[in-house]
Amino acid sequence: MSTTVLDEKRGTKTILSGDQALAEAAKMANIDVVSAYPITPQTIIVETLEHMIANGELKAKFIPVESEHSAMSAAVGASAAGARVFTSTASQGLALMHEVVYIASSLRLPIVMAVANRALSAPINIWNDLSDAMAERESGWIQFFVETVQEAFDTTVEAFKIAEDPRISLPVMVGLDGYILSHEYEPIELPFQDQVDKYLPRRQPTVKLDPAKPVSMGTLGPPELYFEIKYRQERAIDTALPIIQELDDDFAQHFGRRYGLIEKYKLEDADYVLVTMGSVSGTAKEEADRLREQGMRVGVLKVRLFRPFPKQLVVDALAGAKGIGILDRSMPMGSSAPSLAQDVMASLMQARQYPTSIVSFVSGIGGRDMKLTDFEQMFQEIKTAVDGNIAYRISYPALRG
C-alpha cells in the first residue's frame, strides 16, 4: 500500500488492518523468533510475518508447529534462550495453550502475544467477544485491550518494552477485537525504524539457557515451596503497575501518542458512567456525545490495562458518579458478577466508595452487534437504577427474546 511521509519525527502514514499492524509492530520490534499455529481471526498476523521473513524484510526464525500448545511451548524455549519472542492466537487456540500460558508467566519470560479475541465453542463461533482472554485473567500475564488499529500497533511495540524491563520480566498479552479490529482497515502512523530501535534496543536477557552452563527451569515445587513461589509471582505482577505507568509515559515521550492505563472521557461532571474495554469504547463515546447534547451528564471510562488491574486509577476516575455501568463481553456463567464488573466493584468496595447504583451489562457475545441504541439503553438503565435506588443489577442489552 502507498505510504505518505509525515515528517522526520512522526514517520509515515498508511492504511493497515489490525492484523497487519500487529505484524508490522512485531517486525519493527526486531523479534528473533515467531512460533504460531493458524486460527481465525489472527492467522493474517503470523502469515504476514512469515512472508516478511521469507522475503528478507525480517531477520527472524519462524517456527511452524502442529498446535497452539506447541506454539507457546516453542515460545517458552526460545525466550528462555534469550530471544525476543512473539506469537499470536485466538479463541480455542488460546484455550489449547492454557497449560503453557501459565508456565510462561511462572518462568517470568517476556513473551509478547497478540490475541484476536474470539468467542469460545460450543457452538462454534468465529466472531468477537472476550471469553478467550477472560479465561486467562489469573494466568499471571499482563493484559491490554485496545480500541483502534493505531493503538494495537503502539501497544504491541510498548509491550516488548514492558515485558523485557528487568523490574517486570513478565509476558504481555495484547487483545484486539476479532474482525472488528483484526480485519478492519484504518489510517495509521508508523514510526521510522530508527525511532523504534532507539526506544526498544535489543533484548538483554538476565538469565538464559546455555548448553555450556546448564540450569533447571520449572522443576518440582513441593508444598513447602509452591505457595511462596506463587505469592512472589503475584506480587511481581501487582508491583509492576507503577512501572507500566512509567513506561507508558516513556512511550508517549518517544512517539507523541498517549493512551494511559485508563482513559477518562467526559467524566469531570458525569452523573452516569459506563466502563468499557476494547473497540466498543469508541461507540460508547459517540453515544455519550449525543446524550450530552440532550443534557444528560454521561461519561465513559475505558480500561486499557486489565492485568494488573489499575484499581486506584479506576476508583479515582469514578469518584462522584451517581451511577456506574460496567460492560462485559463474556458470560458470568454462575458467578455473582462478570469479570470486569468484579474488578471494578471490588476496587470501589476496598476504597469504601459506593455509588448509588451499579448496573453490570453483558452484551456483544459471539459477535452480536452493539449499536448506538444499545449504548443509549445502557446509559438510560444506569439512570433508572439510580432513580429507583437499586444497588446492583445485571442486564443483557441486545439479547433477543
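Structural remarks
- When F227, F192 are screened for being over 20 Å from F309 (Cα atoms), at pLDDT 95 or above and surrounded by 13 or more Cβ atoms within 10 Å (Cβ to Cβ), only F192 passes.
Quick grid of which residues meet (1) part of a loop (DSSP other than H, G, I, E, B); (2) under 14 Å from K27 (Cα atoms); (3) of a type outside the set (A, V, I, L, M, F, W, C):
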| site | (1), (2), (3) |
| --- | --- |
| A163 | no, no, no |
| L170 | yes, no, no |
| M173 | no, no, no |
| L176 | no, no, no |
| H183 | yes, no, yes |
| E189 | no, no, yes |
| Q204 | yes, no, yes |
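- Restricting the search to strands (runs of 3 or more DSSP E) fully inside the range 1-89 and requiring at least 3 residues that are over 18 Å from the mean Cα position of the chain (by Cα) gives 4-7, 11-17, 33-36, 61-64.
- Test for G82: is it in contact (Cβ under 8 Å) with a residue 12 or more places away in the chain and more than 27 Å from V149 (Cα to Cα): yes
- When the residues of the range 340-366 are filtered to those that are polar (S, T, N, Q) and surrounded by fewer than 20 Cβ atoms within 10 Å (Cβ to Cβ), the one that is nearest to the chain's Cα centre (by Cα) is Q342.
- None of P171, P187, P201 is modelled with pLDDT of 95 or more and under 17 Å from T12 (Cβ atoms) except P187.
- For the range 16-31, the criterion of a residue being under 30 Å from D194 (Cβ atoms), surrounded by 19 or more Cβ atoms within 10 Å (Cβ to Cβ), of a type in the set (D, E) and in the same structural domain as E136 (by TED's automatic domain parsing) is satisfied by at least one position.
- If you filter the range 131-152 down to residues that are part of a helix (DSSP H, G or I) and more than 12 Å from the chain's Cα centre (by Cα), you find that the one that is surrounded by the most Cβ atoms within 10 Å (Cβ to Cβ) is V149.
- The residues of the range 39-60 that are over 16 Å from A25 (Cβ atoms) and surrounded by 15 or more Cβ atoms within 10 Å (Cβ to Cβ), listed by number, are I39, T40, P41, T43.
- Test: residue in the range 238-252 that is within 24 Å of V359 (Cβ to Cβ), of a type in the set (D, E), outside any strand (DSSP E or B) and in contact (Cβ under 8 Å) with a residue 40 or more places away in the chain: no
The values are calculated or read from the model by the stated rules, or taken from the named source; none is laboratory data. Owing to the predicted nature of the structure, the values given are computational and were not obtained by experimental measurement. Cβ atoms come from the backbone with ideal geometry, glycine included; neighbour counts cover every protein chain shown.
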